[in-house]
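K.L.:
Structure below; questions to follow.
The values are calculated or read from the model by the stated rules, or taken from the named source; none is laboratory data. This is a predicted model, so every value here is computed, not measured. Cβ placement follows ideal geometry from the backbone for every residue including glycine, while neighbour counts extend to all protein chains displayed. These area figures cover heavy atoms from the full protein model, side chains too; ligands, DNA and RNA do not enter into them. Shrake-Rupley method; radii C 1.70, N 1.55, O 1.52, S 1.80 Å.
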Amino acid sequence: MGATPEESPDVRKDQHMGRSHHDEIERKYDVDASTVFPNLAETGGLHSIGRPRTSQLEAVYFDTSGLDLARSGVTLRRRSGGSDAGWHLKLPAGPDTRTELREPLGRSHEVPENFRTRVHAITRGRPLEPVATVSTRRRDYPLLDSEGSVLALVSDDSVRARRHDDVTGSTGDELAWREWEIELVDGPHALLDAVGERLLAAGAAPASASSKLARVIGEPPPAVSSPGTRKGHAKPTVEQLLSAQLAEHLARLLEQDAGVRAEQAEAVHRVRIAARRLRSVLTTFRPLLDTSVTDLVREELRWVGECFAAARDAHVLGEHLRAVLASEPAELVVGPVSARLDHEISTEYGRGREASRQALDSDRFVRLLDVVEELIASLPLHSHARRPARKTMPGLLARDVKRLVVAVLAIERTTDPVERDTAFHEARKKAKRLRYAAESATPVLGKRARTLAAATKELQEALGIHQDTVVARQRLREYGMRAHLDGENTFTIGRLHALEQARADRAEAEFALLWKKFSAKHGRAGPVRGRARTPARRSCGGGPDPVESVSQVIEVARTRARTQPCHSSGDGGCWADG
């Protein structure tokens, strides 16, 4: 028997009846009321068209008075009729894709508490009220493969809708239109293109609105916007560039917040990246800002990163160790090591996820979001900073180059293994900051900034592998001790620890080669010793220096760092602050 959409493996049922969570991949098309629905049976990749099914759908859409959900690309509705009646929360998840969560319909018209929690970072306590009512007469056509399984559903919708008066203050005139929609079930993504071509040939046009709700209330402006995001700024100012960067990364943070609440696998790591990028932007532009305001924000962003660190580390560690263990010869896997690792890492991940969820649900996080939005709206810039970004960014990048050089030279001065690992980690953080800064400067410096960002990314990746091995070795030692106390054979755990040490040595050697290329291209920064040799990576290419006088910056930084060691690993108290 063919699978229905509800039986698709993409739908993940919760333990509570009526709840589910799946990725919705669809495209919409506008069509005239008189247009004849095409015969799709000859579409490539299909075997047949199943029996059509007609249903009447009644939906009430909810949002804040300021349409905060719609501005963030989120849709919340209560729908009756059809096979999926209930509460639906749709979150952005990529091109043509949204993650849809469902709750049982019930008798109450109050938004379920679970959904209120999931959109907490967007609504921030503002009430959710009905904003539109949409009535749809739908006719579904299942597209089947040779075994009768549903590859996709094509819907022919006749729609009537009305915007609620309490939002517009108007009479709420009724709108009516017709649209076609194709939603993947078990079919390949290419099927969207194939069916879409048939619909366009029949007289349809790509949808003029992103959703039925958007057609009723209009396409609202993005939740986070800034002067720098508008087109037409050939020579943006520092204010425009900085506000655009902050707006972009705050939007990513809000998007990934929703992803964490929807249990998207990579969202935990991406929240941390978004918070880190926000903090990095404020650090790079720090000389131009009122630090009595922005330093407090930076510390709160640091707190967000710390709250997500445990979950991220456990996720990365689990994927890596499982892959290494699976590649080991069977005779070297002794004892219940797989079960031990699964138990230890899943426990750490669970605790980390809970800590991250508590952070997202906290008033502290909501206040942080409000403050960042206020910063974007009114940047606390010094008067001398209101100048073209093209003239300002080279100096800011040079400042971050200095920091990286000082951090790398600290590795060279250290022989203690623990201090050396710490020094590598500090260099990684400085490389990441420089990379982010160079990427921020790309809109105004172009190829020069892209070249610097690409070269620094290579450094960061090698240093990132090294830091992952530091975490892995620490955890494996802890796991081995607990396994030993429980009477388990710990041979394999010890072997994994040794493999991680070897990986650290390779990462150090790789970084040494990359740093040699980096300093040869951008200046002389001195050697970094590794403990193993690996083939050199491909050079990042020719072209002019990414930043004016960066060679001099590195050379001066090298000289001054050797004669005036900077003992600060933080953001202040160092000559390199400039």
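K.L.:
Going 7 Å from the Cα of ARG124 in the Cα-to-Cβ direction, what parts of segment 363-385 have a backbone nitrogen less than 13 Å from that spot?
P.N.:
Those under the cut-off are 363-378.
K.L.:
Would you mind pulling out the separation of the Cα centroids of segment 384-400 and segment 89-151, in Å?
P.N.:
First find each Cα centre; the distance between them is then 45 Å.
K.L.:
Using DSSP to define loop residues, name the GluC sites (Glu not before Pro) in segment 25-119 whose beta-carbon has at most 13 other beta-carbon atoms within 10 Å.
P.N.:
Values: sites: GLU26, GLU42, GLU58, GLU100, GLU110, GLU113; in loops: GLU42, GLU110.
Those that pass, being in a loop and sparsely packed, are GLU42, GLU110.
K.L.:
How far apart, in nanometres, would the label points at SER83 and SER327 be if each is projected 7 angstrom from Cα along the Cα-to-Cβ direction?
P.N.:
Each label point lies 7 Å from its Cα, and together they span 4.3 nm.
K.L.:
What's the extension gain from GLU354 to GLU26 if we count 0.36 nm per residue and subtract their Cα-Cα distance?
P.N.:
Full extension from GLU354 to GLU26 adds 114.9 nm.
K.L.:
What does the highest-first list of 336-348, 318-330, 428-440 look like by mean Cβ count within 10 Å? Walk me through the numbers before you get to the answer.
P.N.:
Values: 336-348: 16.4, 318-330: 12.9, 428-440: 24.4.
With the highest mean Cβ count within 10 Å placed first, the list reads 428-440, 336-348, 318-330.
K.L.:
Evaluate the relative contact order of segment 347-472 (contact order divided by residue number), counting alpha-carbon pairs under 8 angstrom at least 6 apart; express in whole percent.
P.N.:
Working: 75 pairs, mean separation 25.5, N = 126.
20 percent.
K.L.:
In Å², and per residue, what accessible area does segment 290-444 have when probed at 1.4 Å with the other protein chains present?
P.N.:
On the way: 6760 Å² over 155 residues.
Counting only protein heavy atoms, the per-residue value for segment 290-444 is 44 Å².
K.L.:
In addition: Share of segment 332-390's accessible area from carbon and sulfur, percent, 1.4 Å?
P.N.:
On the way: 1580 of 3060 Å².
On segment 332-390, the fraction of accessible area on carbon and sulfur atoms equals 52 percent.
K.L.:
Follow-up question, since we're still on this one. Can you figure out the FRET efficiency of LYS447 with GLU319, using R₀ = 30 Å and their beta-carbon distance, to the nearest 0.05?
P.N.:
On the way: r = 35 Å, r/R0 = 1.17.
The formula returns an efficiency of 0.30 here.
K.L.:
State the percentage of accessible surface on segment 98-166 attributable to carbon and sulfur atoms; use a 1.4 Å probe and exclude ligands, DNA and RNA. Don't jump to the answer; show the numbers that get you there.
P.N.:
Working: 1430 of 3110 Å².
Carbon and sulfur atoms account for 46 percent of the accessible area of segment 98-166.
K.L.:
Each residue of segment 506-514 in turn: what ³J(HN,Hα) in whole Hz from Karplus with 6.51, -1.76, 1.60 and θ = phi - 60°, glycine and Pro shown as x?
P.N.:
Going residue by residue, I get 5, 5, 5, 5, 4, 4, 4, 5, 5 Hz, with x marking Gly and Pro.
K.L.:
Give me the base-10 log of I(q)/I(0) for segment 88-137 at each q in 0.21 Å⁻¹, Debye formula, one uniform scatterer per Cα, rounded to two decimals.
P.N.:
-1.00
K.L.:
Which trypsin sites (Lys or Arg not before Pro) in segment 77-161 pass both tests, a DSSP loop state and at most 11 other beta-carbon atoms within 10 Å? Walk me through the numbers on the way to the answer.
P.N.:
Working: sites: ARG77, ARG78, ARG79, LYS90, ARG98, ARG102, ARG107, ARG116, ARG118, ARG124, ARG137, ARG138, ARG139, ARG160; in loops: ARG107, ARG124.
Listed in order of number, the matching sites are ARG107.
K.L.:
Let's test the formula: R0 of 25 Å, r as the Cβ-Cβ distance of SER158 and THR97. What FRET efficiency results, to the nearest 0.05?
P.N.:
On the way: r = 26 Å, r/R0 = 1.03.
For R0 = 25 Å, the calculated efficiency reads 0.45.
K.L.:
Could you please state how large a percent of the accessible area of segment 436-530 is carbon and sulfur, counting protein chains only and using a 1.4 Å probe?
P.N.:
C and S atoms contribute 54 percent here.
K.L.:
Could you give the dipole magnitude of segment 240-300 about its Cα centre, charging the beta-carbon of Lys and Arg +1 and that of Asp and Glu -1, in debye to the nearest 20?
P.N.:
Working: 9 positive and 9 negative charges, 37 e Å.
Magnitude of the dipole: close to 180 debye.
K.L.:
Ok, one more. Sticking with the crude label model, points 7 Å out along Cα→Cβ, report the distance from ARG367 to SER48 in nm, one decimal please.
P.N.:
6.5 nm
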